[in-house]
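Structure record follows, encoded as structure tokens.
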There are 2 protein chains.
Amino acid sequence: MEYLEAKDKFISTWGSLGSLWGINKAMAQIQALLFISTKPLSMEDIMEDLKISRGNTSMNLRQLMDWGIVTKVLVSGERKEFFTTEKDVQELTRIIAKERSRREIQPVLKVLDDVSSIKDDGTDKTKELIKQTKALHDLTINADAMLNKLVTQKQNWLTKSIIKLLK
Amino acid sequence: MEYLEAKDKFISTWGSLGSLWGINKAMAQIQALLFISTKPLSMEDIMEDLKISRGNTSMNLRQLMDWGIVTKVLVSGERKEFFTTEKDVQELTRIIAKERSRREIQPVLKVLDDVSSIKDDGTDKTKELIKQTKALHDLTINADAMLNKLVTQKQNWLTKSIIKLLK
DNA sequence: TTAAACTTTCAGTAATTATTGAAAGTTTGT
DNA sequence: ACAAACTTTCAATAATTACTGAAAGTTTAA
């Protein structure tokens, strides 16, 4: 496999994966492109490489910056803006996990908490609703806490030692 | 909040959450409905409750059964089929994690492995592609292993002790 | 074997989500 | 203050994805 083929394969796979976990294709592809680029890219560069429109590029770059994954960089002597992404996978994971927790997990926790707190009128169905949403709430709390703890660790040794511990 | 309102809130939240992590709204809502139901439900019951068509119900129930989350149950004296979902959140998590690993993570790992294995032609961009896809591959392997180990544990004590360990 | 009771399939349609491209907006240098 | 270089916005449109409903298929009981 040649460089160009490998690059395309990586970008398109990353793109379709993205849509699977809540971000759209273009956004994931832009991030992928920046991730394997050796230098910051301009909007023009990205549009050309991925063959997407200026508007699309602009909007998705903004979203990536909102997520904190992509940042603008100034290239001296250039008027236009250049972009780069976090290159360290560990740090990238940390940012994404934190952001997803904030955007998705917290609102769900709120609903689960509200629902599991309704007045118990003594009927079976109410008891079941309370019981099951409480169980989901606890599980979600635990999973979220674990995720955050794990990804907060900058070093890899802890992760590795836990995996070992669990074998 | 009354039972009916709480129930609707739970089902619709679960439904929109579902579409966020790769299963469609109807599928997630059917699962949610079964999850808080005190007894198995027929296709008719589900259609009426969620106000969705027979076809939609049939297709999504099948998918849920493919995932291994929902099972048919025979109700004596009844001709039609009834459905129920796994009620234990721990077990539910285990099934979903395993299924998602198989469906999503493994194919991505394959691509990352292929891409990171291309011949190093000595150029910077090739080196970067190899380096970054390798890093992602390793991270993904670790995350997947950890996920599987964690959810394989049936008891909750281990999870709790790990969280403690990480504090 | 027939028909009633039930489930599945799938072509057509609806709903949702992503993308374009051109106009409006902004910044910078002279 | 002007205009060139660049970015953002957003209404229109395209692409994707989900849903319906009726016909076809299957199972069961008599």
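Counting, for every residue in B:11-20, the Cβ atoms of other protein chains within 10 Å of its Cβ and taking the mean gives 3. Taking amide H atoms as placed 1.01 Å from N in the peptide plane, the amide H of A:VAL70 lies under 5 Å from those of A:MET65, each 5 or more residues away in sequence or on another chain. Here the 3J(HN,Hα) profile of the stretch B:29-38, calculated from phi with Karplus coefficients 6.51, -1.76 and 1.60 at θ = phi - 60°, is 5, 4, 4, 4, 4, 5, 5, 9, 7, 7 Hz, Gly and Pro shown as x. The 3J(HN,Hα) values that the Karplus relation (6.51, -1.76, 1.60; θ = phi - 60°) gives for the stretch B:70-78 are, in residue order, 10, 10, 6, 10, 8, 9, 5, x, 10 Hz. Gly and Pro appear as x.
Chain B against chain A buries an accessible area of about 4900 Å², both chains summed, 1.4 Å probe radius.
Treating cross-link reach as a plain straight distance, find the aspartates and glutamates whose alpha-carbon is under 17 Å from the alpha-carbon of A:LYS119, omitting any fewer than eight places away in the same chain. In chain and number order, the partners are A:GLU128, B:GLU2, B:GLU5, B:ASP8. Where does helix B:3-20 land angle-wise versus the long Cα axis of chain B, in degrees 0 to 90, nearest 10? For helix B:3-20, the angle is close to 30 degrees.
Estimated at 0.36 nm per residue, the fully extended path between B:ASN24 and B:GLN106 surpasses their Cα-Cα distance by 27.4 nm. Dipole check for the stretch B:3-85: with +1 at the C-beta of Lys and Arg, -1 at the C-beta of Asp and Glu, and the Cα centre as origin, the magnitude is about 120 Debye. Sorted shortest first, the distances from the B:ILE52 label point to those of the same residue in the other copies are 2.9 nm; each point sits 7 Å from Cα along Cα-to-Cβ. Between B:GLY18, B:GLY77, B:GLY68, the residue with the greatest mean-square fluctuation in the GNM of chain B (Cα pairs under 10 Å linked by springs) is B:GLY77. If one takes the longest principal axis of the Cα atoms in chain B, at what angle in degrees, from 0 to 90 and to the nearest 10, does the Cα axis of helix B:106-116 lie? Once rounded, one gets 10 degrees. Over 21 Å between C-alpha atoms is what I'm after, so list which of A:LYS134/B:LYS9; A:LYS9/B:LYS127; A:LYS7/B:LYS127; A:LYS149/B:LYS9; A:LYS25/B:LYS98 land there. Checking Cα-Cα distances, A:LYS149/B:LYS9; A:LYS25/B:LYS98 exceed 21 Å. When a 1.4 Å probe is rolled over the protein heavy atoms, the share of accessible surface on the stretch B:1-103 that falls to carbon and sulfur comes to 51 percent. Karplus-based coupling profile of the stretch A:133-139, in residue order and whole Hz: 6, 4, 4, 5, 4, 4, 4, with θ = phi - 60° in 6.51 cos²θ - 1.76 cosθ + 1.60 and x standing for Gly or Pro. This model, with +1 at the C-beta of Lys and Arg and -1 at the C-beta of Asp and Glu, gives the protein assembly as shown a dipole about its Cα centre of some 780 debye. Trypsin sites (Lys or Arg not before Pro), restricted to the stretch B:36-103: which are DSSP loop and have at most 15 other Cβ atoms within 10 Å? Loop-located and lightly packed - B:LYS51, B:ARG79, B:LYS80, B:LYS87.
By the helix-only formula, in which each DSSP H run with n ≥ 4 contributes -39500 (n - 2.57) and the sum is divided by residues, chain A has a 222 nm mean residue ellipticity of -22000 deg cm²/dmol.
The values are calculated or read from the model by the stated rules, or taken from the named source; none is laboratory data. Just so we're clear, the structure is a prediction, and the values are computed from it rather than from any experiment. Cβ coordinates were reconstructed from backbone atoms using ideal geometry, including for glycine residues, and neighbour counts include every protein chain displayed. Just the protein is used for accessible areas: all its heavy atoms, side chains included, with ligands, DNA and RNA removed. Shrake-Rupley method; radii C 1.70, N 1.55, O 1.52, S 1.80 Å.
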